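The values are calculated or read from the model by the stated rules, or taken from the named source; none is laboratory data. Bear in mind the structure is a predicted one, so any value in this text is a computation, not a measurement. When we count neighbours, we look across all protein chains shown, and the Cβ atoms used for this are built from the backbone with ideal geometry, even at glycine. For accessibility, only protein heavy atoms count, side chains too; no ligands or nucleic acids. Shrake-Rupley method; radii C 1.70, N 1.55, O 1.52, S 1.80 Å.
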Amino acid sequence: MARTSLEAAEVGRRLDRLSAVDDHIARTYPGARDARQPVHTCYVPAGGVDAQTVRQWGSEALAVLDEHAGSPGALAAVLGIDGETAAAVHPRVRAKLQQAPVEDLRIDFEDGYGRPGDEAEDADAVRTAGIVADWLRDGVEPANYGLRVKSFDTAELRARSVRTLDVFLTALLQQWGSLPQGFVLTFPKVVDVRQVEVFVELLELLEQQLGLPERSLRFEIQVETTQSIVDSEGRFALPRFVAAGAGRVTGLHFGTYDYTASCGLTAAHQHLAHRACDFARHAMQVSAAGTGIFLSDGSTNVLPVGDQVEHGWRTHYQLVRRSLEHGFYQSWDLHPAQLVTRYAAVFAAFRESAPAEAARLSAYVSATGGAVLDEPATARALAASFVRALDNGGTDAEEVQRMTGLSEAEVRKLGRL
């Protein structure tokens, strides 16, 4: 046996102190969660939500697709993508719009809704809860539902925010009987950790009063203010917000226009590709890495409507591609016609990178090496790309096996390692 200079007991005594670090890391950074992340969240003002909203978004998107890009060649010309990619993407976009156009819907009681008065807002909260209950009974997509409550900016807004949530949940549970799977709240314009702490306490009260399981009410934090990045004492704010969420925070969602306005940018420079937004997104990534919290990019207010459909499409397509390149696999959609470029961008990005990623993944699994020597973490990311495409309709199990030599089950297992 080799000779050493340090006594084993002395080494062990010091190393034992790190067990607390192990426990902290395991609790704080559990890794990716099993839940599927939607590619977008559609925000619809509560006053405009009705029984046909989901189907209407799909049918309107299909109508615009048929009018402005009815063939793969037309889609390629409008968006500037190559013909081979367009030929594969176009039918998949059409199928997605027909079968499951909306992956995540947020009923908006905040900026998109306004302040119609207490009586009207109460009525909309009850009415939209009934609509969600009907969707659940009828098996209407999307798989994920929720609502965005008003911010805690002022005493008046805080009281109204809590009341709307209370009215909605009470009505939903009366009509459906349980909290839907995939139900999530959006908590906007957070500027101080104490707002998160109070919100969590109110959710606890609601769970107790409504007989809901502990921590079943979960929420996303909207990053819409500079104080969401750096607090009033110069500290990094988001990790403290997440910790105050006490295991309830499922996502960090970026708010393009409130954030850029809070940075002092003029309207002409308030857009998703501004470098100020990149800084906020990088802060979000660092804060969420390893926690299992999903990241979502913001929206663009350049809409594909009227005689600006193709301009709006190109703008949206480019921004979605940019978000994907930055590691944001979800972002906001505000208009049905944006669904066309949402799925076109998501599917095209996958198909352009899939051949090279499939070769690298296959080489990693077979341990044959190749031009790139990938680490396990990168192999996980390669597999995750195929898992996302399987989930959102960008590919299918047969195509994945043809490209990688791996079954769907094998790819999904690799993506979770």
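Here Leu147 meets the list (1) in a helix (DSSP H, G or I); (2) touching a Phe, Trp or Tyr at 6+ places or on another chain (Cβ under 7 Å); (3) crowded, with 21+ Cβ neighbours inside 10 Å; (4) hydrophobic (A, V, I, L, M, F, W, C) almost entirely, failing just condition (1). Take the conditions (1) open to solvent by 20 Å² or more (accessible area, probe 1.4 Å); (2) part of a helix (DSSP H, G or I); (3) in contact (Cβ under 8 Å) with a residue 40 or more places away in the chain; Asn301 misses just one of them, which is (2).
Restricting Ala337, Ala261 to those that are aliphatic (A, V, I, L, M) and over 19 Å from Val102 (Cβ atoms) reduces the list to Ala261. Name every residue in the stretch 35-46 that is open to solvent by 50 Å² or more (accessible area, probe 1.4 Å) and either in contact with a helix residue (DSSP H, G or I) (Cβ under 7 Å, 6 or more places away or on another chain) or closer than 21 Å to Val309 by Cβ (or both), in order of residue number. Residue satisfying the conditions is Arg36 alone.
Picking from residues in the stretch 324-357 that are of a type in the set (A, V, I, L, M, F, W, C) and part of a loop (DSSP other than H, G, I, E, B), the one that is farthest from Tyr257 (Cα to Cα) is Ala337. Criterion first (within 29 Å of Val286 (Cβ to Cβ) and in contact with a helix residue (DSSP H, G or I) (Cβ under 7 Å, 6 or more places away or on another chain)) does Ser232 satisfy it? No: the conditions fail for Ser232.
Listed by first and then second residue, the pairs with beta-carbon distance under 6 Å, at least 6 apart or on different chains, first residue in the stretch 322-338 and closer than 23 Å to Ile107 by Cβ, second open to solvent by 50 Å² or more (accessible area, probe 1.4 Å), are His335/Leu303; Pro336/Glu60. Within the stretch 308-333, being under 23 Å from Arg36 (Cα atoms) and surrounded by fewer than 18 Cβ atoms within 10 Å (Cβ to Cβ) holds for Arg322, Glu325, His326, Gly327.
Residue-by-condition table, conditions (1) without any contact (Cβ under 8 Å) to a residue 12 or more places away in the chain; (2) of a type in the set (A, V, I, L, M, F, W, C); (3) under 20 Å from Gly394 (Cα atoms):
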position: Gly47; (1), (2), (3): no, no, no
position: Arg55; (1), (2), (3): no, no, no
position: Pro72; (1), (2), (3): no, no, yes
position: Ala86; (1), (2), (3): no, yes, yes
position: Val93; (1), (2), (3): no, yes, yes
position: Asp108; (1), (2), (3): no, no, no
position: Tyr113; (1), (2), (3): no, no, no
position: Glu119; (1), (2), (3): yes, no, no
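I'd like to check something: does the stretch 160-180 contain any residue that is open to solvent by 10 Å² or more (accessible area, probe 1.4 Å), assigned to a helix (DSSP H, G or I) and touching a Cys at 6+ places or on another chain (Cβ under 7 Å)? For the stretch 160-180, residues open to solvent by 10 Å² or more (accessible area, probe 1.4 Å), assigned to a helix (DSSP H, G or I) and touching a Cys at 6+ places or on another chain (Cβ under 7 Å): absent. Name the residues in the stretch 14-34 that are in contact (Cβ under 8 Å) with a residue 60 or more places away in the chain and part of a loop (DSSP other than H, G, I, E, B), would you? Across the stretch 14-34, the qualifying residues are Tyr29, Pro30, Gly31, Ala32, Arg33, Asp34. The sole residue among Ala9, Ala77, Ala123 that is open to solvent by less than 70 Å² (accessible area, probe 1.4 Å), part of a helix (DSSP H, G or I) and without any contact (Cβ under 8 Å) to a residue 60 or more places away in the chain is Ala123.
Residue-by-condition table, conditions (1) open to solvent by less than 10 Å² (accessible area, probe 1.4 Å); (2) within 16 Å of Cys42 (Cβ to Cβ):
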{"residue": "Val102", "(1), (2)": "yes, yes"}
{"residue": "Leu105", "(1), (2)": "yes, yes"}
{"residue": "Asp108", "(1), (2)": "yes, yes"}
{"residue": "Gly112", "(1), (2)": "no, yes"}
{"residue": "Arg115", "(1), (2)": "no, no"}
{"residue": "Asp118", "(1), (2)": "no, no"}
{"residue": "Thr128", "(1), (2)": "yes, yes"}
{"residue": "Leu136", "(1), (2)": "no, no"}
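Looking across the stretch 396-417, just one residue is open to solvent by less than 50 Å² (accessible area, probe 1.4 Å), free of Cβ contacts under 8 Å to residues at least 24 places away in the same chain and either more than 22 Å from Arg92 (Cα to Cα) or outside any helix (DSSP H, G or I) (or both), and that is Ser407.
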